[in-house]
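One structure below.
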Amino acid sequence: MSRELFLGRLRTGLAGLPPETIDDYVADYAAHFDEGVAAGRSEADVMAGLGDPGRLARELKAEAGLKRWETERNPSSAATAIFGLLGLGAIDVLIILPILLPVLGVILGFAITSVVGFGAGAFVFVLGPLAGAIRDIGAAMLAGLGVMAGSVSVGALTALVTVGLVNALVWYGRLHLKLLKPALEAQEVRS
């Protein structure tokens, strides 16, 4: 494989990242080739040291997703981080997915419950006084406010748990990269 083919496969593997990020990564690895050749190594030696461009692209995408989550903290960056971590290996999918899907289902259930509860509380707050006698207006309005407040509390706790879950997945991904990297580098040296 030539340098151009390696960098092309790396660029293809990085698809989905912002174009300027892809250009930065490809430029870094092109510079790595230049430095290696300037130091007297062949392009084949430099490529052997870097490993498979597909695996390298998956690691870079996972790292970019983790960094994006650390700076932006929104659902899109959370999804990017999670999918980047899942893309690191099929074994991880078999380990994480059976745990992650039920947890995500419960979180989604709590989110839906908080939205529906808030709507029900608003309904009781607005229409409750119209259904009863004049003396029950205050009770109906307070009951509606109480249901809305409880729903907001459930929604806030759900958001905190979701952020904690994404942080735990980011921690797992970083641990995975730390543990996996020496094994992959040792495998590359042997091949």
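Scanning the range 81-101 turns up no residue that is of a type in the set (Gly, Ala, Ser), modelled with pLDDT of 80 or more and out of contact with any Phe, Trp or Tyr (no Cβ under 6 Å at 6 or more places or on another chain).
A Cβ distance below 7 Å, combined with a sequence gap of six or more or placement on separate chains, defines the contacts here; from the range 13-41, residues that are among the polar types (S, T, N, Q) reach residues that are part of a helix (DSSP H, G or I) in the pairs Thr21/Ala64. Filtering the range 94-120 to residues that are touching a residue at least 40 places away in the same chain (Cβ under 8 Å) and β-branched (Val, Ile, Thr) leaves Ile96, Val103, Ile107, Thr113, Val115. If you go through the range 144-166 one residue at a time, how many are in contact with a helix residue (DSSP H, G or I) (Cβ under 7 Å, 6 or more places away or on another chain) and of a type in the set (A, V, I, L, M)? Residues that pass the stated criteria total 8.
Residue pairs whose Cβ atoms lie under 9 Å apart, separated by 6 or more positions or on different chains, with the first residue in the range 138-155 and within 15 Å of Phe110 (Cβ to Cβ) and in the same structural domain as Ser114 (by TED's automatic domain parsing) and the second loosely packed, with under 14 Cβ neighbours inside 10 Å and among the small types (Gly, Ala, Ser), are Ser151/Gly119.
The values are calculated or read from the model by the stated rules, or taken from the named source; none is laboratory data. The structure displayed is predicted, hence computed values, not measured ones. Reconstructed Cβ throughout: ideal geometry from the backbone, glycine too, with neighbour counts over all protein chains shown.
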